[in-house]
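Take a look at the structure below.
Every read-out reported here was derived from the displayed coordinates using simple, explicitly stated rules and does not represent laboratory data. None of these values were measured; they are calculated from a predicted model. Cβ: placed from backbone, ideal geometry, glycine included. Neighbour counts: every protein chain shown.
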Amino acid sequence: MSNFLIEGGVKLRGKVNIGGFKNAALAIIPSAILCKEKCIIENVPAIEDVNVFKEILSNVGAKVVMLDETTMEIDSSAVKEISMSQFSPKNIRASYYMWGVGLGRFKKVTTPFPGGCNIGARKFDYHIKGFEALGAKVEVFGDQTISFSAEKLIGNRIYLDFASVGATINIMLAAVYAEGRTTIENAAKEPHIVDTANFLNAMGADIKGAGTDVIRINGVSELRGCTYSVIPDQIEAGTYMLAAAATKGDIIIDGIIPKHLEPITAKLEEMGMRIEEYGDSLRVFYEKELEPVNIKTLPYPGFPTDLQQPMAVLLSSLNGDSIIEESVFESRFNYVDELRKMGADIDVNDRIAKIRGKGYLTGASVNAADLRAGAALIIAGLVAKGVTEINEIHHIDRGYENIENKFMNLGARIKRVI
Ligand code: UD1
């Protein structure tokens, strides 16, 4: 088990290049199974969750080859079925996309229940409701196995009670080959919904409206191979932006789509950070003492729940009070106990955290409870007086590529101890 040792107190300076968006890659990679020709996917991030998907795709019979560090070729012509015996115990939340592609291509799919970060119930009733509306039958075997099947899928109108990212993408995947038109209302609008729809359309699907709350999918009979590049990771970019603010730094975030970062840019500017936009990069720099702000996480274009924890670290490092309301997940404050070990003063009541910033944090030995909590603790370590040890960093490797090198290039004193 490796861990990170961080010596705090350095103001970050320099340039960081942002990789491909984890959550988009984790939808696009399995989507390639819908097509019997080769697909080439560029700008794939070098993260552990992608490795898990490579394994899942290989196990179901696809040929997956890395043409270079970030380019993946997927040939799924030999895939005949998606069934339980093909899955290894390694599992991630996004393995639920195998349902949509399995139903779409084979009209039948059996998988284990999805894994992923423990941040609340993370139900999938909207996925099931959507598949059922298209004509699929769901069967659950014990608490480990779930199966979907259909004679044929027929387009329908599906209203989501909450704009779920996973359900929106999964219904799109299943509906690509359904007869007639499927309409998803109250669809999620996150950039990776648009990216996945663009990939499917590049293969010949007929999807309109991705990025708005109504998506229309006209079923097609065939998809063809294509080359497609994944969008940059707005959550990785946002993590470095918040780290720059917390360390009073001055950094360039390169290779991004600034529009996707507007919810973070707006909050940082409200706090007093300076942000300048240059095409596909942002300069984020500290000029004057930052003011605390209140945050409410919301589906895109609201403030992303995946940056709630790094934001809590930034707010804890300032002088003054602030409130964070988590409206997307039920229990996403399980990192607070670790932050308290570093001197943070935070009260949590249900979905609300009250932060009394004291202007500093102190180094401690802490555990990364999940992916984003782990990234938040790195920022806490960069700000803290003294040395911070972060354990269980495998959670961080699931979703951040090369994170210690990227921070080291910005001047951070961080090392991985194996
Ligand atoms: C995805 C992202 C995750 C991000 C989240 C919200 C991936 C692999 N993960 O997760 O990083 O934090 O979007 O932006 O892309 N819900 C239900 N029933 C359902 C589906 C969801 O009640 O059928 C609830 C969930 O429990 C949660 C909320 O809706 O409280 C949001 O979930 P959803 O948008 O589906 O997130 P994920 O797909 O799990």
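A few comments on the model shown:
- Inter-part distance where segment 360-418 and segment 165-210 are each reduced to a Cα centre, Å: 36 Å
- Choice from A197, A62, A175 showing the highest fluctuation, given a GNM over the chain with Cα pairs closer than 10 Å: A62
- Ranked by how many other Cβ atoms sit within 10 Å of their own Cβ, fewest first, the residues V64, V328 fall in the order V64, V328.
- Candidates F162, F303, F53: whichever shows maximal mean-square fluctuation once the chain is modelled as a Gaussian network with Cα springs under 10 Å: F162
- Taking 0.36 nm per residue of sequence separation and removing the Cα-Cα distance, the K259/D125 pair yields an extension gain of 45.1 nm.
- With Cα atoms defining each centre, segment 91-112 and segment 147-162 are spaced 14 Å apart in the structure.
- Cα gyration tensor shape for segment 327-388, rounded if a/c is under 1.5, else prolate or oblate: oblate
- Radius of gyration and maximum dimension Dmax of segment 1-151, Cα, Å: 17.7, 62
- Less than 5 angstrom separates the built amide H of Y300 from those of K189, E190, all sequence-distant by 5 or more or on a different chain.
- Per-residue Karplus couplings for segment 345-352, computed as 6.51 cos²θ - 1.76 cosθ + 1.60 with θ equal to phi - 60°, are listed in order as 10, 9, 9, 10, 10, 6, 9, 10 Hz, Gly and Pro entered as x.
- Value of relative contact order over segment 1-153, rounded to a whole percent, pairs C-alpha under 8 Å and six or more apart: 18 percent
- Taking Cα atoms only, the orientation of helix 48-59 departs from the longest principal axis of the chain by about 20 degrees.
- Pairs of Cα atoms farther than 12 Å apart, segment 304-356, %: 59 percent
- Filtered chymotrypsin sites (Phe, Trp or Tyr not before Pro), segment 183-280: DSSP coil and at most 15 other beta carbons within 10 Å: none
- Restricting segment 33-89 to trypsin sites (Lys or Arg not before Pro) that sit in a DSSP loop and have at most 10 other Cβ atoms within 10 Å of their own Cβ leaves K80.
- Helix-only CD estimate at 222 nm, as mean residue ellipticity for the chain, using -39500 (n - 2.57) per DSSP H run (n ≥ 4): -8500 deg cm²/dmol
- Segments 217-224, 166-173 sorted - mean Cβ within 10 Å per residue, highest first: 166-173, 217-224
- Rh (Kirkwood; distinct C-alpha pairs) - segment 309-418, Å: 14.1 Å
- Subset of K38/K259; K11/K54; K123/K267; K123/K296; K129/K189 violating a 28 Å alpha-carbon distance limit: K38/K259; K11/K54; K123/K267
- When only Cα pairs below 8 angstrom with a gap of at least 6 residues are kept, segment 196-321 shows a relative contact order of 20 percent.
- Relative contact order for the chain, counting Cα pairs under 8 Å that sit 6 or more residues apart, in percent: 21 percent
- Just so you know, the averaged projected area of the alpha carbon convex hull for segment 183-263 sits at 6.4 nm².
- 3J(HN,Hα) from dihedral phi, segment 321-327, Karplus parametrisation 6.51/-1.76/1.60, rounded to Hz, x for glycine, proline: 9, 8, 10, 10, 10, 9, 9
- Against the main long axis of the alpha-carbon atoms of the chain, helix 234-246 sits at an angle near 10°.
- Using θ = phi - 60° in the Karplus curve 6.51 cos²θ - 1.76 cosθ + 1.60, the 3J(HN,Hα) couplings for segment 150-164 round to 7, 5, 8, 9, 10, x, 7, 9, 10, 9, 8, 5, 9, 6, 6 Hz; x is entered for Gly and Pro.
- Here the gap between H394 and S83, fully extended at 0.36 nm per residue and compared with their Cα-Cα distance, gives a gain of 109.2 nm.
- Most mobile of A364, A27, A375 in a GNM of the chain (Cα contacts under 10 Å): A364
- Model label zone, R413; criterion: amide N under 20 Å from point 7 Å along Cα-to-beta-carbon; scope segment 238-261: 243-250
- Segment 30-117: C-alpha gyration tensor shape, a/c 1.5 cut-off, then a/b vs b/c: oblate
- Whole-Å semi-axes of the ellipsoid equivalent to the chain (Cα gyration tensor, √5λ, descending): 38, 21, 20
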